[in-house]
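The values are calculated or read from the model by the stated rules, or taken from the named source; none is laboratory data. All figures in this text were calculated on a predicted structure; none of them were measured in a lab. Backbone-built Cβ (ideal geometry, glycine too); neighbour counts: all protein chains shown. Accessible surface is based on the protein model in full, side chains and every heavy atom, while ligands, DNA and RNA are left aside. Shrake-Rupley method; radii C 1.70, N 1.55, O 1.52, S 1.80 Å.
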Amino acid sequence: MGKVLVNNQLMDRTEAIIDIEDRGYQFGDGVYEVIRVYDGAVFTADEHLDRFFQSANKIKIDVQFDQKQLLALIHQLIEENNVHDGSIYMQLTRGASPRNHIFPGSEIKPVLTAYTKEVARPEGNLETGVKAMIADDIRWLRCDIKSLNLLPNVLAKQEATDHGCYEAILHRDGTVTEGSSSNAYIVKDGKVMTHPATNLILNGITRQVILKLCQAHQIPVAEEEFQIEDLKTADEIFISSTTSEIMPIVELDGQSIGDGKPGPFTRKLQTLFLKEIEAAKSDV
Ligand code: PDD
């Protein structure tokens, strides 16, 4: 079953004890990250840890470790569990104390937990593309924080699944924000577009890699709002996340996008992204 991390201790999962009054459990009062491991190498670790600290900071949780210590703990966990192709889930809550909305005193320490799992790259879906549906974005106004509160995301994803779709692409009053667990992009007239990194979306690490790749390879790109109508009439649509990478959307609400196959921009970015993965592997 492998080891898990509780604060700075590696232990068997069955030994890990989380208090029933942990604020993560009772209020969703915490933040998290999902980080990819390819061939034992942690992909974009620094970027994920930066965002982890930023998220914690934004909700006033003090991370008990510095970034270097956290990275060392992650590496320890991966080595101990012999993760090959997989992911790390890590979360930090405000700690355990008698239930009360008010923050506990400084004697209550945040609780860090992490575990790993093996996950293969979604090669079949990356090749064929997947279906998506449009849904209302009913989330709060701080989607830039990777908070544990994922109920609207969970509901949207379940609705997508119930409709035979891989992802729900969300909109606020007609403006497309992002997916329930991914960032969303369109390609229109030779330009890649994605919602700007405001409070209304999570600034995905995969998104940041994609923007850099576009810039480095002269692929026209804009962080600009676009509407449902633009989504429906796009030449190409794709989504991105740590686990889904660059996933083509070939059908939206039952209508084919483009010719119903992943388009050339999506393919080009997938190829470039793969090179990033290969480079990260050989960095180890
Ligand atoms: N989800 N937007 C939302 C709402 C997300 O939940 C995610 C990631 C992303 C993409 O971010 P990144 O490229 O850093 O993975 C965008 C993770 C994987 C999850 O909750 O499982």
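If you filter the stretch 191-224 down to residues that are assigned to a loop (DSSP other than H, G, I, E, B) and within 18 Å of GLN270 (Cβ to Cβ), you find that the one that is nearest to the ligand (Cβ to nearest atom) is GLY204. Number of residues in the stretch 75-119 that are part of a loop (DSSP other than H, G, I, E, B) and open to solvent by 80 Å² or more (accessible area, probe 1.4 Å): the value is 10. Can you pull out every residue in the stretch 50-69 that is over 17 Å from the mean Cα position of the chain (by Cα) and free of Cβ contacts under 8 Å to residues at least 40 places away in the same chain? Listed by number, the residues that qualify are ASN57, ASP66, GLN67, LYS68. From the list THR271, THR194, the one residue that fits, being more than 19 Å from HIS48 (Cα to Cα) and open to solvent by less than 10 Å² (accessible area, probe 1.4 Å), is THR194.
Across the stretch 145-165, the number of residues qualifying as small (Gly, Ala, Ser) and closer than 18 Å to VAL34 by Cβ comes to 2. Every condition in (1) free of Cβ contacts under 8 Å to residues at least 24 places away in the same chain; (2) within 14 Å of the chain's Cα centre (by Cα) is met by LYS212 except one, and the failing one is (2).
Just to be sure, is GLU47 open to solvent by 50 Å² or more (accessible area, probe 1.4 Å) and touching a residue at least 40 places away in the same chain (Cβ under 8 Å)?
Here the answer is yes, as GLU47 does meet what is asked.
Among all positions in the stretch 38-46, there is no residue which is within 16 Å of the ligand (Cβ to nearest atom), in a loop (DSSP other than H, G, I, E, B), in contact with a Leu (Cβ under 9 Å, 6 or more places away or on another chain) and not assigned by TED's automatic domain parsing to the domain that holds TRP140. For the stretch 245-261, a residue qualifies if it is out of contact with any helix residue (DSSP H, G or I) (no Cβ under 8 Å at 6 or more places or on another chain) and either part of a strand (DSSP E or B) or buried (at least 17 other Cβ atoms within 10 Å of the Cβ) (or both), and the qualifying residues are ILE249, GLU251, SER256, ILE257, GLY258. Condition check for TYR25 on (1) assigned to a helix (DSSP H, G or I); (2) touching a strand residue (DSSP E or B) at 6+ places or on another chain (Cβ under 7 Å): one failure, at (2).
Just name the residue that is farthest from the ligand (Cβ to nearest atom) out of those in the stretch 53-74 that are hydrophobic (A, V, I, L, M, F, W, C) and part of a helix (DSSP H, G or I).
Initial filter on the stretch 53-74 (hydrophobic (A, V, I, L, M, F, W, C)): 53, 56, 59, 61, 63, 65, 70-74.
If we keep only those that are part of a helix (DSSP H, G or I) too, we end up with 53, 56, 70-74.
Values: PHE53: 14, ALA56: 16, LEU70: 17, LEU71: 17, ALA72: 22, LEU73: 20, ILE74: 15 Å.
Within the stretch 53-74, the match that is farthest from the ligand (Cβ to nearest atom) is ALA72.
Which residues, counting only those in the stretch 123-166, are of a type in the set (Gly, Ala, Ser), within 15 Å of the ligand (Cβ to nearest atom) and more than 18 Å from the chain's Cα centre (by Cα)? If the condition is that a residue be of a type in the set (Gly, Ala, Ser), within 15 Å of the ligand (Cβ to nearest atom) and more than 18 Å from the chain's Cα centre (by Cα), then ALA135 is the only one that fits. Can you name the residue in the stretch 167-179 that is touching a residue at least 12 places away in the same chain (Cβ under 8 Å) and surrounded by fewer than 24 Cβ atoms within 10 Å (Cβ to Cβ) and is also farthest from the ligand (Cβ to nearest atom) among such residues? The qualifying residue farthest from the ligand (Cβ to nearest atom) is GLY174. Based on this model, can you work out whether VAL31 counts as touching a residue at least 24 places away in the same chain (Cβ under 8 Å), farther than 17 Å from LYS3 by Cα, in a loop (DSSP other than H, G, I, E, B) and not small (Gly, Ala, Ser)? Taking the combined requirement at face value, the residue does not satisfy it. Checked against the criteria, ASP19 counts as open to solvent by 20 Å² or more (accessible area, probe 1.4 Å), touching a residue at least 60 places away in the same chain (Cβ under 8 Å) and not in a helix (DSSP H, G or I).
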